[in-house]
1. Quick check: anything in the stretch B:99-106 of a type outside the set (A, V, I, L, M, F, W, C), modelled with pLDDT under 95 and not in a strand (DSSP E or B)?
2. Would you mention how many residues in the stretch A:144-156 are away from the ligand (no atom under 16 Å from the Cβ), crowded, with 21+ Cβ neighbours inside 10 Å and among the aliphatic types (A, V, I, L, M)?
3. Among (1) open to solvent by 10 Å² or more (accessible area, probe 1.4 Å); (2) within 14 Å of chain A (Cβ to nearest Cβ); (3) of a type outside the set (A, V, I, L, M); (4) in contact (Cβ under 8 Å) with a residue 12 or more places away in the chain, there is one condition B:Glu227 misses while meeting the rest; what is its number?
4. Could you look through the stretch A:399-433, keep only residues that are of a type in the set (A, V, I, L, M, F, W, C) and more than 27 Å from A:Gly369 (Cβ to Cβ), and pick out the one that is surrounded by the most Cβ atoms within 10 Å (Cβ to Cβ)?
5. Quick one: in the stretch A:274-287, which of the residues that are more than 15 Å from the ligand (Cβ to nearest atom) and in contact with a Ser or Thr (Cβ under 9 Å, 6 or more places away or on another chain) is nearest to A:Pro209 (Cα to Cα)?
6. When both residues are 6+ apart or on different chains and their Cβ atoms are under 6 Å apart, which pairs have a first residue that lies in the stretch A:149-166 and is modelled with pLDDT under 95, and a second that is within 15 Å of the ligand (Cβ to nearest atom) and of a type in the set (D, E, K, R)?
7. For the stretch A:18-46, what are the residues that are exposed (fewer than 15 other Cβ atoms within 10 Å of the Cβ) and farther than 12 Å from A:Gly423 by Cβ?
8. How many residues does the stretch A:247-273 contain that are open to solvent by 10 Å² or more (accessible area, probe 1.4 Å) and within 16 Å of the ligand (Cβ to nearest atom)?
Amino acid sequence: MPDNHGPYLIRGARPLGGDPVDLLLRDGTVAQIGNDLEVPEGVQVVDAEGLIALPGLVDLHTHLREPGREDAETVETGSRSAAMGGFTAVHAMANTHPVADTAGVVEQVWHLGREIGLCDVRPVGAVTVGLAGAQLSEIGAMADSAAQVRVFSDDGKCVSDALLMRRALEYAKAFDGVVAQHAQEPRLTEGAQMNEGCVSDRLGLPGWPAVAEEAIIARDCLLAQHVGSRLHVCHVSTKGSVDIIRWAKERGCDVTAEVTPHHLLLTDELVEGYDPIYKVNPPLRTEEDVLALREGLADGTIDVVATDHAPHPVEAKETEWSNAAMGMVGLETALAVVQRTMVDTGLLTWEQVADRMSAAPARIGRLDGHGRGLSESGPANVVLYDPAAPVDVDGTAMVTKSSNTPFRGMTLPGQVRATFLRGVPTVLEGKNA
Amino acid sequence: MRHLLSTGDLDRDQATLILDTATELAQVGDRSVKKLPTLRGRTVVNLFYEDSTRTRTSFELAAKRLSADVINFSAKGSSVSKGESLKDTALTLQAMGADGVVIRHSASGAAHRLSHWVDGSVLNAGDGTHEHPTQALLDAFTMRNRLGTLAGLRVAVVGDVLHSRVARSNVLLLTTLGAEVTLVAPPTLLPVSVGTWPCEVSYDLDAVLPKSDVVMMLRVQGERMNESFFPSVREYSRHYGLDGERLGRMPEHAIVMHPGPMVRGVEISAEVADSPRCTVTEQVANGVSLRMAVLYLLLGGS
Ligand SMILES: [Zn+2]
């Protein structure tokens, strides 16, 4: 990318939805912010009238599938997809083949991300060897590696053994790490296919009770507080979970939590036609849960929005419900879904969106150079977003290698127009630069 | 009506039309020449992913009595068992020009999925723990034949409701037809949201029996015991099994039904199974007429 390193002058963008200003991006930083900035020699001007400027988004939870499932996604296609969604950093979950449970695998993923250079890829390390839930993986080696892993998770599987979870929480403390728990009591969810309730009972699909999530969250909050460790709860999906996390925070537990865009918008009623495009773990819940999640995100009980971007090849979804894979792609629609569910409803300001989608996830992941807001001499990680550009969602038109979007056929209110990673555009005019 | 996927899709008129048509077609079975030319030139595919000789044979006989060409596409020994996806199988059937596909599958919703991939009519012959519409229709047909009417009829459905596609289809259909359904089971074998279903629920079979016109016993698999749904087969049958003594507590006109196959000694005693008040074999015979009616109504239009 020889000639797109800038500098760039962004003309008339509205930082955090505020009044329009110009931003000069030079040498990887925001060099100047002000009105009617002069255009220095050799600067490329980006007209951003009407666009909202946000700090580059940070995703705590994606599945980039490499190594092992390059048919679904690669670090490269995932990075492109992330950039299209306005992300400048993403965490890549450990459930690859092989599992990211050694320094070698996390460094491989980290190097791939660096070479591609479209977005900072932070590997997540597995908590247990092979995600088997039996033996701690070498958390220290992964933390000390070039990848500098700080988030550890067996995501896809729950660290269900209470003693092992306690040890993981304690051990990760030495490296300022956080254990991100996929809260799913395994016995209560054997063969589970969708949220347990009226719809599952009618459809004859084995139910996934809310208590299977809530019981683990309650246990883990108590454990984390007991040993004085940081706990992060992945993809909170029920009202009860929000209540428990609110209670845990009140009593001083160092817990953070994330919610996915799809859990902020979609309900289990969509399963009615048995289309596995709506099959996901944790499952889509009820309207009551959706409203509680939005409220929790608004009042800060839930700290971040994370996509749980989970690409799958077509054949994994074009099948009977019970045979289909769980998961949905989400990077390219995240910001628009948050606008629709949180901003357009008056629950969050753009400033708060920047907190939930950039500052807070960067803080939880201990990610330097991201989530620092838009300020002079700060890193030039910027996303320009048009909140008034409705788009009809079409999975096949996305840049992710897969197309399993549950928002297919819906109209979302806005689009990312440009993304800058350290002053270099990864997306311009709504296309990968 | 293009497909028959769920009895919940049928309104009262449609359901009644099916039963009335079955009544007419039942007379064909009594004739010496049992065939009607109605579906001549039409192709019906039986796509069975689960072994069920009874249901498959019933559909086959029904289609043949209407002069349709019948292809049996069973999971065993075909490309289906070699990992071919349901979608690819659907495309194959489509290419063969199937006018109707009768599908039995262990996955709930398989019939729904199939209906998106073929142009012909899809007939759900049992999908996982979801529904079994023709079973419920033949049950209703049997009740109407025996007791004259369905409106106001008190029907107890007893047993493993949670895993029963027969129960789901029956609750929806019988409610539509004006019957009053009571589900009887231990709480472990009832769905958690059963309180929202259009029926009554009881844990006490003995309390329900005297007020029932029909007692439908569902099959209970002994393996459920290993999953802690109940402590032992003996305790289950003590509480929810139908034996001669309990039969004696039912009103004299009341009948005993069972979708088969029965597990004698678990949910039903041999004495009850062999009693003239038990309609099991009648249900089998009615199944053919009822399935003829459904095939006729789905495929018979020009
Ligand atoms: Zn997960």
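The values are calculated or read from the model by the stated rules, or taken from the named source; none is laboratory data. For clarity, every value in this text was computed on a predicted model and none was experimentally measured. No Cβ is skipped: glycine too gets one built from the backbone with ideal geometry, and neighbour counts run over all protein chains shown. The area values use the complete protein model at the heavy-atom level, side chains included, leaving out ligands, DNA and RNA. Shrake-Rupley method; radii C 1.70, N 1.55, O 1.52, S 1.80 Å.
1. yes
2. Selection size over the stretch A:144-156: 2.
3. For B:Glu227, the exception is condition (4).
4. Checked the stretch A:399-433; the qualifying residue surrounded by the most Cβ atoms within 10 Å (Cβ to Cβ) is A:Phe407.
5. A:Thr286
6. The qualifying pairs do not exist here.
7. Within the stretch A:18-46, A:Gly18, A:Asp19, A:Gly34, A:Asn35, A:Asp36, A:Glu38, A:Val39, A:Pro40, A:Glu41, A:Gly42, A:Val45 meet the criteria.
8. 1
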